[in-house]
Amino acid sequence: MAQQLDPATRDALLTRVRFYRDLGLTEFYRRPVDPALLAKLAIEPEEQPAPGSQNSSDPTLPVFAPENARNRDPQSASALREDPPRNPFPIAPTISPVVPAADRAAALQIIRDEIGDCTRCPLHAGRNKLVFGDGDPAASLMFVGEGPGADEDAQGLPFVGKAGQLLNNMIAAMGLKREGVYIANVVKCRPPGNRVPEQEEGATCSPFLFRQIDVIRPQVLVALGATAATWLLGARQPLAGLRGRVHSVRGAKLIVTYHPAYLLRDPRQKKEAWADLQIAMKELGLKPPAKG
């Protein structure tokens, strides 16, 4: 039976994992153990580590390996462990025909009606309200986040909690208003404890996001955090390697930046996020509003 963590340890671990996730580090593995080593340990007395030290060969300790690190030296990586099989990202749906601006609100409603009272993945079980999207159906700028939080789940709108307030400030700093952009998430239902959406959940929900993008036809997409960037690009990459440049997704220019929730935890990165938004502004032909 799996050992239960005490609440303090569990909360500390969740905080650490979320911190790594916001940096684009999303894969964790247990280090496999050679059966011969286990047999040897069974007949030899265990060597106690010095006080304050950590036994790095303990097979129960989680080993983090970001994707770029695993690819640097395949031979040395395989000597430590074999990577578990990964589910590939589903092929994104074919880009839909252009919808006239006057018809886009109705086209989005058709997608929402098709989603209905969704039970396609396990997330529906803990859902209060499904969070589809919010904003101008003909917006030139679209923000994509990870998934709803507690406030969003209660109100049925994306980014309405503390992270949403910060996003509103970011939008205003760009010289825009929230009602002039469009905001959506990779998944429409809140994951338990605000955890990262699992593969099945993202694969089930992301096609609806792609259809929203196709209807809105934004000139610029901004991915808020590593999870949004992962599903938009269809590949896991560290956030640091995605920021600072322009990507292409479904005819739109994609800019990757930090999730507002991460900026609340580490305000020092707000300057970096503003640099990312300035790239988006340049692509949109926008200048910051005059101070005064």
- Would you mind estimating how fast the range 144-234 diffuses translationally, via Stokes-Einstein at 37 °C and 0.692 mPa s with the Kirkwood radius over Cα pairs, in µm²/s? 242
- Message: Take A102 and A172, extend 7 Å from each Cα along the Cα→Cβ direction, and tell me the distance between the two endpoints in nm.
- Response: 3.5
- Query: Rounded to the nearest 0.05, what FRET efficiency do I110 and Q155 have when you use their Cβ-Cβ distance and R0 = 22 Å?
  - Reply: 0.45
- Task: Express in whole angstrom the spacing between the alpha-carbon centres of the range 233-253 and the range 88-157.
- Result: 21
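Given the pairs K177/K253; K188/K271; K271/K291, which span a C-alpha to C-alpha distance of over 25 angstrom in this model? Intermediate values should be presented prior to the final figure.
Details: K177/K253 20 Å; K188/K271 29 Å; K271/K291 17 Å.
Beyond 25 Å: K188/K271.
Using the per-residue mean of other Cβ atoms lying within 10 Å as a proxy for protection, in what order, highest first, do the peptides 177-187, 95-105, 230-240, 140-150 fall? Walk me through the intermediate numbers first.
Numbers: 177-187: 20.9, 95-105: 12.5, 230-240: 19.0, 140-150: 24.5.
Packing order, densest peptide first, comes out as 140-150, 177-187, 230-240, 95-105.
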- Stretched fully, the stretch from A8 through R195 gains (0.36 nm per residue minus C-alpha distance, one decimal, in nm) 65.6 nm
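Please give the contour-minus-distance gain from V246 to K129: 0.36 nm per residue of separation, less the Cα-Cα distance, rounded to one decimal in nm.
38.7 nm
Return the tail of the calculated pair distribution for the range 196-256, meaning the percent of Cα-Cα pairs more than 16 Å apart.
Numbers: 754 of 1830 pairs.
For the range 196-256, the fraction of Cα-Cα distances above 16 Å is 41 percent.
Read-outs throughout are calculated quantities, based only on the coordinates presented, and are distinct from any laboratory measurement. Just so we're clear, the structure is a prediction, and the values are computed from it rather than from any experiment. Glycine gets a Cβ as well: all are built from the backbone with ideal geometry, and neighbour counts include every protein chain shown.
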